[in-house]
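Here the structure is laid out as structure tokens; the discussion comes afterwards.
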Amino acid sequence: MGEKPFVLLLVDDSRSTAQTLARTLGSPQYAPRVVPASPEVPRLATEVDLVLLCLDASEDTKLELLRRLMDVEGPGRGAPVLVIAPAEARELRLAALRLGVEVVAEPWDDEELRARMQRAFSAHQVLVTLASQVSELQKLSVLDGLTLLHNHRYFQERLREEFRVAQRYDDALSLILVDLDHFKTINDTYGHPVGDDVLRKVARALQQCVRETDIVARYGGEEFAVLLPRTPLTGAITVAERIWKELGQLRVGPEANLKVTASLGISGFPHRTVLSADQLLLTADEALYRAKREGRNRVCLHSPVPALPGSQRG
């Protein structure tokens, strides 16, 4: 169990059983702490290695506390639980077993008690490891491996989700599509490793230009999407200008002398031509391609208005 003492939380109203346990386990290997059953126990369970809950005749109250402890238990949240109940309290012990905890009958055998404690702790550690692995896999499933931005699938899911929210609450939602200019030339001239470095640096620059609540994704290839919840077109224009300027200041390549430019298309909801998530995406894409047709390195809106003042660079 390691060099540090194994911290135990012994929960018992009468304290008689818990005190006997404390004497039994009172060695340098264990650090028992005796407390009565109370609403504070679930919080205290997050600070220890194992909870030993002594059940007695007050079945309903203690089982409710056990349920609360099981709600707390989880990776990084609470400790595993072991129940100690009188041997004659068969229904009580069965109820605890059905909740998924280790159970020891009182009076207990010291070796059995230690073995079940170890088993409860080991099983909990396995669950913690598995939960961590699942969490990591879930994280990887929504991230682009190169840029570590959200991937295309995640963006599509959030686009639809945020559009439903905007429609329901009559709120604003804006989308910016960003496409790097002449990126194929960068790959062909300097090689794909340099191209990959450009994409990573662009990704970092995009993240620095938005709020934590905004969604930045690699839409595909050298194209990126920036979804701005609760942001009207005026706010999206400000963000797009910020992105455009930030990318214009990037210097990449082996000698950090390669400039990056991008074309940006903006669309927003509510708008008479934007009645769905697909239309929001389509109109942003149309604005992006207009920026490309008009000479690249600029910001365009999906509305039929001129390019933004000051958004062109030579």
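Here is how the numbers come out for the structure above:
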quantity: Test: residue in segment 148-159 that is part of a helix (DSSP H, G or I) and more than 21 Å from L227 (Cβ to Cβ); calculated: no
quantity: The listed residue being surrounded by fewer than 23 Cβ atoms within 10 Å (Cβ to Cβ), closer than 23 Å to V142 by Cα and of a type in the set (K, R), out of R204, R296; calculated: R204
quantity: Any hit, segment 131-145, residues being within 30 Å of L10 (Cβ to Cβ) and either part of a helix (DSSP H, G or I) or modelled with pLDDT under 85 (or both); calculated: yes
quantity: Single residue of segment 212-222 satisfying the filter (without any contact (Cβ under 8 Å) to a residue 60 or more places away in the chain and touching a Leu at 6+ places or on another chain (Cβ under 8 Å)) that is surrounded by the most Cβ atoms within 10 Å (Cβ to Cβ); calculated: E222
quantity: Restricting segment 24-46 to residues that are part of a loop (DSSP other than H, G, I, E, B) and of a type in the set (A, V, I, L, M, F, W, C), the residue that is farthest from E64 (Cα to Cα); calculated: L25
quantity: Index of the failed condition, F155 passing every other in (1) modelled with pLDDT under 85; (2) surrounded by 15 or more Cβ atoms within 10 Å (Cβ to Cβ); calculated: (1)
quantity: R204 being in a helix (DSSP H, G or I), charged (D, E, K, R) and under 16 Å from R251 (Cβ atoms); calculated: yes
quantity: Residues of segment 165-191 that turn out to be more than 31 Å from the chain's Cα centre (by Cα) and not charged (D, E, K, R), as a count; calculated: 8
quantity: Residue satisfying condition, being of a type in the set (A, V, I, L, M, F, W, C), modelled with pLDDT under 85 and crowded, with 16+ Cβ neighbours inside 10 Å, within set A22, A57; calculated: A22
quantity: Selection status of T231, surrounded by 14 or more Cβ atoms within 10 Å (Cβ to Cβ) and touching an Asp or Glu at 6+ places or on another chain (Cβ under 6 Å); calculated: no
quantity: Conditions (1) crowded, with 19+ Cβ neighbours inside 10 Å; (2) in the same structural domain as R293 (by TED's automatic domain parsing); number of the one not met by H192; calculated: (1)
quantity: All positions within segment 185-220 that are hydroxyl-bearing (S, T, Y) and within 23 Å of E162 (Cβ to Cβ); calculated: T213, Y219
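The values are calculated or read from the model by the stated rules, or taken from the named source; none is laboratory data. None of the values given here were measured: they were computed from a predicted structure. Methodologically, a virtual Cβ is constructed for each residue, glycine included, from the backbone with ideal geometry; neighbour enumeration extends over all protein chains shown.
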